[in-house]
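Below you'll find the structure, written out as structure tokens, and then a few comments.
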Amino acid sequence: MSAPITYRQPVSRLWWIRKRTYFLFVLRELSSIFVAWLAVFLMIMVVAIGRGEASYQNFMSWAASPVVIVINVVALAFLILHTVTWFALTPQAMVVRGPGSRRALATKEVNVAGRWVSAATVVRVGGRLPAAVVIASQYAGLIVVSAFIAWLVLR
Amino acid sequence: MNDGAAAAHDVLLVGGGAAGLRAAIAIAETSPSLRVAVISKVYPMRSHTVSAEGGAAGAIAEGDTLDEHAYDTVSGSDWLCDQDAVEAFVQEAPRELLQLEHWGCPWSREPDGRIAVRAFGGMKNMRTWFAADKTGFHMLHSLFQTSLKYADVKRYDEWFVTRLLVDEGRVHGVVAIELMTGRIEVITAKSILLCNGGSGKVFPFTTNANICTGDGMALAYRAGAPLKDMEFVQYHPTGLPFTGILITEAARAEGGWLLNKDGYRYLQDYDLGKPEPTPVLRSMELGPRDRLSQAFVHEVEKGRTIESPYGPIVHLDLRHLGAKLIDTKLPMVRELCMKYERIDPVTELIPVRPVVHYMMGGVHTDIDGATPIHGLFAAGETACVTINGANRLGSNSLPECLVFGARAGKAAAEYAASAKRPAPVVMRKAEDEVRRLEQMRSSDGGHERIADIREEMQSTMEDSAGIFRSGDSLAKGIDQLAELQQRLERVQLFDQTMAFNTELVAALELANMLDIAETMLQSAIQREESRGAHQRTDFTTRDDASFLNHALAYRDSDGSVRIERLPVTITRWPPGERVYGR
Amino acid sequence: MADSIQMQVTRYTPAPDAVPTVANYDVPLRKDWSVLDGLNFVKDHIDGSLSFRWSCRMGICGSCGMNVEGEPQLTCATFLSDYAPGPVRVEPLTNFPIVRDLVVDIDDFMTKLPRVKPWIIRDDDVTVIDGEYLQTPEELEEYKQFSNCINCMLCYAACPIYGLEPDFIGPAAIALAERYDLDTRDRGQRERLDILIEKEGVWGCTFVGECTRVCPKHVDPAGAIQRYKLKAAQENVMAFLLPRAAR
């Protein structure tokens, strides 16, 4: 009823150093910058290859310079962090169902010609795959795609 | 505008647990024009309803009948319940539980989607609805979240009501402290429903939370309403030894066994049936709570209990139930044992002992929750209608909160709809109370610590009014309590600030508890028989001729307790023998 | 094990320019004592003016949340012996205004919760209830985890976004919204969508995941929020692609 005096705890600018989990989170977010860099690097390489042997050699000597190597090693570390954290978080962020799931009827509101009406819809329940299975399948997918690309490039 | 009061309402609900929230919803739905408010010393989701585990009884199964639920309740109460109230209760319980289901309560289900029911102590049929083993938690949160639909219901969260304002036999409002700021305010109301729980903290070992200090009972008692059946205190047979944390009866309903130090299912020695590998209704571990707790005391006397650092204990054996059943039906039991006893019930025995759990007694009301003071109602554990008599059956108290919360809420609304505005004269009584509280907060020169008086009260109650009592132990307890009342007047408050002064609250709660404790002992010493949870070593049998009645404890003007008697209402079940296990 | 342990407890009494201070108390170090037992010892035997909230002491009411050694914890569910030999720092929950000592103001959450409409929303007017809504155990499993929230606020204390953006609706509120969305008896998904797809709704979350890590009841609010984001995004795409079709 009356406004009490309270003390607002200040949030430090360095909040993200205080806990290991916060620090890892910030690194994880920063890793997307390096992922973007590697995508750009890849595009530059593709363009360089497309322009012929000389341009490709130019690209390779640039890529071999110490600065670029250091950047790319760091970027690789962040890429690994990005991949590992992304794969680990996937089962938490989305429900992946396996053969054990069944159909069930639920009523949802759907948009029909601009109006919202109740309609019976089919939802799936149960059969949620364990996190380990979801994570393992992502790594499996990564290995398969990597093997294919390696074969493409090396043959 | 409000004659100096901070606010005026039509109905004020004191307490935000299952009964209070159910009443709020009932009034908001049936009388939306009334101004309703819920006032509670804690946020509603902290109410002690949240700790209830086992389930809520409602007769819906094939082959179950209302009459059988009623008979189990009547016999469970050792014939001290009022049977008209029981009949209304068993009829409305299933409807209330279904209503809660519609409000989202996640009741556990059969594979086909229907509500599942399980066995429970003292019940001949399976009729206990459950939400895993966190039934009270789910019920409270479903009720609380549903109550949020009604934005007009005003809430006073963390306000402590210290006094009812009564004038000429009618209630007019309350004086309450807004805990966050320490301001003392008057809130007027045309009708008031007391639903703020029981008073287990009067005893040292209890399943009850810190907030269960009998505030509602004390408010009514000091306002002149009688407290009924205060001598009947339920000991739950299975609480953890140090903390008193509840291990739900459902553990026994699912098949758990009680073993003494020889690994022997000792209940078979106490006329509770023969041990079978799977649970038999109304037999052995599914007997009524009073008989099981009494059996424990006898085992202690025979030297067959296990000594622990916290006194004698027995073992609850769930190992034969298997991890899968325990994780589905009793997950919280497993968590509690692992955290607080560092044992895993899947592979180890759980140490348990009887602990105080529930007050069968409370504010005397009729079947619609009305007390003798006009405009004052009570429901839930605060009230004594009574459907529980001398001993409550497990899983009856949650539906009791719903049934009588709704009934009393509607009755309070009906009263308020035609009542006159609260009289301005009560503001003067309020001023006395405000002055008293301010004096308490700022007083100097006392020397007693709250904790010391509280601990002595608790051990006095344990010694004088435990599972077994005697005239001597009770008389001694009465004297000791009188001394503690004196010492309370010399208590020292270290905390003199306004904001969130929990020490002031603790002192007020202690004063409430001392008053309640006195009514318990006085009621007990005058009941010269043994019935249900009240067992006298000097009067060992049930005496229907003299004591098939309730004790009504009134506060005399000099502060002493005056006991009057009120006959029990018998409708269809004449007093008989309580038979379990055969 | 030593006889006693030092508790370093935040003290604060509101006044126009007051700031919190720290007081040190030595309490007995008993094997069975929770941090809450330690605080009660201080209040009962050393300094009666120490204020803190507690009730059930069994981890179900949600009252006793505080920062213990910097981590949001239920003080009734964490033990002094875990911090031996000490000292153990006990502070009010992060991100909430301090009212007094270890008591914080949670009214922000109490205002936000009703906004997500955490109740069963249906359009059929049921006046006579003649039976339950059927719900299989599998259907119950779909939302059960999110229904276990005890509103203890540890997730809000852990969430750096809530600290930086006080308008963020927060983990528990969104988890409870998702609990009702996933309940087959409910039909209020669209009503909740409107509130949750705001900037202060699910899109404020950057999946730090700390809320899930500190939750004492394993509710996984972070999971609820990401799932909600996925669902909201799918709704948006479908509405864009098939504006007039019923799905």
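The values are calculated or read from the model by the stated rules, or taken from the named source; none is laboratory data. Predicted model only: the values in this text are computed from it and were never measured. Because the Cβ atoms are built from the backbone with ideal geometry, glycine has one as well, and the counts that use them run over all protein chains shown.
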Practice item. Mind telling me which of the residues B:E87, B:E101, B:E96 ends up being among the charged types (D, E, K, R), touching a Phe, Trp or Tyr at 6+ places or on another chain (Cβ under 6 Å), closer than 27 Å to B:L143 by Cα and modelled with pLDDT of 95 or more? Key: B:E101
Check your understanding: Somewhere in the range B:226-237, is a residue more than 16 Å from the chain's Cα centre (by Cα) and under 19 Å from B:G559 (Cβ atoms)?
Key -> yes
Revision key, fill the gap. The lone condition B:G466 fails out of (1) assigned to a helix (DSSP H, G or I); (2) of a type in the set (G, A, S); (3) under 26 Å from B:E231 (Cβ atoms) is (1)
Study note, to complete from the structure: Selection from the range B:9-37 of residues more than 13 Å from chain C (Cβ to nearest Cβ) and β-branched (V, I, T) yields B:V11, B:V14, B:I27, B:V36
Revision key, fill the gap. Taking first residues from the range A:71-92 that are of a type in the set (G, A, S) and second residues anywhere that are surrounded by 15 or more Cβ atoms within 10 Å (Cβ to Cβ) and in a helix (DSSP H, G or I), the pairs with Cβ under 7 Å that are 6 or more apart or on different chains are A:A75/A:F34; A:A75/A:W37; A:A75/A:L38; A:A88/A:I135
Review point. Out of curiosity, is B:A132 within 9 Å of another protein chain (Cβ to nearest Cβ), more than 20 Å from the chain's Cα centre (by Cα) and modelled with pLDDT of 95 or more?
Key: no
Check your understanding: Out of curiosity, is B:P354 crowded, with 21+ Cβ neighbours inside 10 Å and either closer than 25 Å to B:N196 by Cβ or in contact (Cβ under 8 Å) with a residue 60 or more places away in the chain (or both)?
Key -> yes
**Study point:** Every residue from the range C:108-117 that is out of contact with any helix residue (DSSP H, G or I) (no Cβ under 9 Å at 6 or more places or on another chain) and either more than 8 Å from every other protein chain (Cβ to nearest Cβ) or surrounded by 23 or more Cβ atoms within 10 Å (Cβ to Cβ) (or both)
**Key:** C:T111
Exercise for review: Quick one: in the range B:180-206, of everything that is within 13 Å of another protein chain (Cβ to nearest Cβ) and part of a helix (DSSP H, G or I), which residue is surrounded by the fewest Cβ atoms within 10 Å (Cβ to Cβ)?
Suggested key: B:K201
Exercise for review: For the range B:75-93, enumerate the residues that are more than 21 Å from B:R282 (Cα to Cα) and either crowded, with 23+ Cβ neighbours inside 10 Å or hydrophobic (A, V, I, L, M, F, W, C) (or both).
Suggested key: B:D82, B:A85, B:A88
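Yes or no, residue by residue, for (1) outside any helix (DSSP H, G or I); (2) touching a strand residue (DSSP E or B) at 6+ places or on another chain (Cβ under 7 Å); (3) among the acidic types (D, E); (4) buried (at least 21 other Cβ atoms within 10 Å of the Cβ):
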{"residue": "C:E191", "(1), (2), (3), (4)": "no, no, yes, no"}
{"residue": "C:I195", "(1), (2), (3), (4)": "no, no, no, no"}
{"residue": "C:W203", "(1), (2), (3), (4)": "no, no, no, no"}
{"residue": "C:R213", "(1), (2), (3), (4)": "no, no, no, no"}
{"residue": "C:A222", "(1), (2), (3), (4)": "no, no, no, yes"}
{"residue": "C:K231", "(1), (2), (3), (4)": "no, no, no, no"}
{"residue": "C:N236", "(1), (2), (3), (4)": "no, no, no, no"}
{"residue": "C:F240", "(1), (2), (3), (4)": "no, no, no, no"}
Revision key, fill the gap. Within the range B:70-85, the residues that are assigned to a helix (DSSP H, G or I) and farther than 16 Å from B:S395 by Cβ are B:Q83, B:D84, B:A85
Point to revise | Options B:E433, B:E455; residue that is more than 27 Å from the chain's Cα centre (by Cα) and either surrounded by fewer than 19 Cβ atoms within 10 Å (Cβ to Cβ) or without any contact (Cβ under 8 Å) to a residue 60 or more places away in the chain (or both) | key: B:E433
Exercise for review: Scan the range B:524-548 for residues that are closer than 23 Å to B:G477 by Cα and either part of a helix (DSSP H, G or I) or hydrophobic (A, V, I, L, M, F, W, C) (or both) and report the count.
Suggested key: 6
Review point. Do we have C:P28 as closer than 18 Å to C:Q6 by Cα and either in contact (Cβ under 8 Å) with a residue 24 or more places away in the chain or facing another protein chain (nearest Cβ under 7 Å) (or both) here?
Key: yes
Study note, to complete from the structure: Within the range B:58-72, restricting to residues that are out of contact with any Leu (no Cβ under 6 Å at 6 or more places or on another chain) and buried (at least 24 other Cβ atoms within 10 Å of the Cβ), the one that is farthest from the other protein chains (Cβ to nearest Cβ) is B:D72
Check your understanding: Only one of (1) surrounded by fewer than 18 Cβ atoms within 10 Å (Cβ to Cβ); (2) away from chain B (no Cβ under 14 Å) is not met by C:V68, so which one is it?
Key -> (1)
Point to revise | Yes/no for C:D123 being at negative phi, more than 7 Å from chain B (Cβ to nearest Cβ) and free of Cβ contacts under 8 Å to residues at least 60 places away in the same chain | key: no
Study note, to complete from the structure: When (1) crowded, with 24+ Cβ neighbours inside 10 Å; (2) touching a Pro at 6+ places or on another chain (Cβ under 6 Å); (3) away from every other protein chain (no Cβ under 11 Å); (4) aliphatic (A, V, I, L, M) are applied to C:A2, the one that fails is (1)
**Study point:** Residues within the range B:239-296 that are among the hydroxyl-bearing types (S, T, Y) and over 29 Å from C:D32 (Cβ atoms), tallied
**Key:** 3
